[in-house]
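The values are calculated or read from the model by the stated rules, or taken from the named source; none is laboratory data. As the structure is a computational prediction, the values presented were derived from the model and not from experiment. Heads up, the Cβs are rebuilt from the backbone with ideal geometry, glycines too, and the neighbour counts pull from every protein chain shown.
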Amino acid sequence: MNKKRIFSAFVMVLAIFFISTASASASSETFRLNSSLHNNVSNNHYAIKGDRIYYQVTTQKSRHAVGFGVYRVGAYGQHQLVSIVKTAPAGSGESYGYFDAPSNGSYFLRAACGGNGQTGCQGFGIIDTNW
């Protein structure tokens, strides 16, 4: 094998490695809503621009409806809402959405119980940056 072919094969292996590493950075999380809190927030999950992000809240015997959306982690605590805000009903039910990540970065799901600092919401939230 000549040096050009060996070099080409080496470059191809590196490209495949970096593509698979980038894809593996996406993740998912299911977290329980804490009924004593007004706001429930997931951990941060990394997504690459164009990755499909799925988000969902399911209520279970919840006193109030739950409004929720996905935020991009910004500099200096300035987080930006990047999804459509959805509402899961009081009682039991669910709502979900999905969108393509607008840029590389970390994203999190925020779920707010009722309005004006209400508590008593029960259920769980899901964020998946590898959908």
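Here are the numbers for the structure shown:
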item	result
Tabulated pairs, the stretch 73-86, first more than 10 Å from TYR107 (Cα to Cα) and in a loop (DSSP other than H, G, I, E, B), second among the aromatic types (Phe, Trp, Tyr) and at pLDDT 90 or above, C-beta under 6 angstrom, 6+ apart or interchain	SER83/PHE99
Residues of the stretch 38-51 satisfying the condition of being within 16 Å of PHE124 (Cα to Cα) and part of a strand (DSSP E or B)	ASN39, ASN40, VAL41
Candidate set from the stretch 88-110 (those that are surrounded by 15 or more Cβ atoms within 10 Å (Cβ to Cβ) and of a type in the set (Ser, Thr, Tyr)); member that is nearest to GLY125 (Cα to Cα)	SER95
Qualifying residue in the stretch 52-63 (condition: surrounded by fewer than 14 Cβ atoms within 10 Å (Cβ to Cβ), over 9 Å from the mean Cα position of the chain (by Cα), touching a residue at least 60 places away in the same chain (Cβ under 8 Å) and not in a loop (DSSP other than H, G, I, E, B))	yes
Sole exception among (1) in contact (Cβ under 8 Å) with a residue 60 or more places away in the chain; (2) assigned to a strand (DSSP E or B) for ASN130, by number	(2)
